[in-house]
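The values are calculated or read from the model by the stated rules, or taken from the named source; none is laboratory data. Keep in mind that this is a model prediction, so the values were computed, not measured. Positions of Cβ are backbone-derived with ideal geometry, glycine not excepted, and every protein chain shown enters the neighbour counts. The area values use the complete protein model at the heavy-atom level, side chains included, leaving out ligands, DNA and RNA. Shrake-Rupley method; radii C 1.70, N 1.55, O 1.52, S 1.80 Å.
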Amino acid sequence: MKSASVTVTTEPTLLIAKNETNRYVYLHVVGNATVFLGGSNVSTSNGLATEKQTTPLEIFLPINEELHGIVETMTEDVRVLIGD
C-alpha cells in the first residue's frame, strides 16, 4: 500500500495518477469541507461530493484512469491510500 496527503484546492487537483493496473483506492477528507471527485474536468457542480469526516471512501479505479478533487473555497487535506 502507498499513502499520501494531498491538499485539494479550488482548481482540479490530482489525487491519484494513471496506472497500468486496476486498483482500489481509499480517500479520507480530514477537515469539514466537501471535496468533489471526478476527472480532470471536475467541478463543484459535476463532481461526486464526499461526506465530511466519515470513514474512508473506497473507490475502484480502472486501468489508466486518474482521480481529481476540487473544493468550493480555500483548501482541504485529503488522505489517500492506494493498493499496489
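So, for the chain, what is the accessible surface per residue at a probe of 1.4 Å, expressed in square angstrom?
60
Counting Lys and Arg as +1 and Asp and Glu as -1, what is the net charge of the other residues whose Cβ lies under 13 Å from the Cβ of ILE63?
-1
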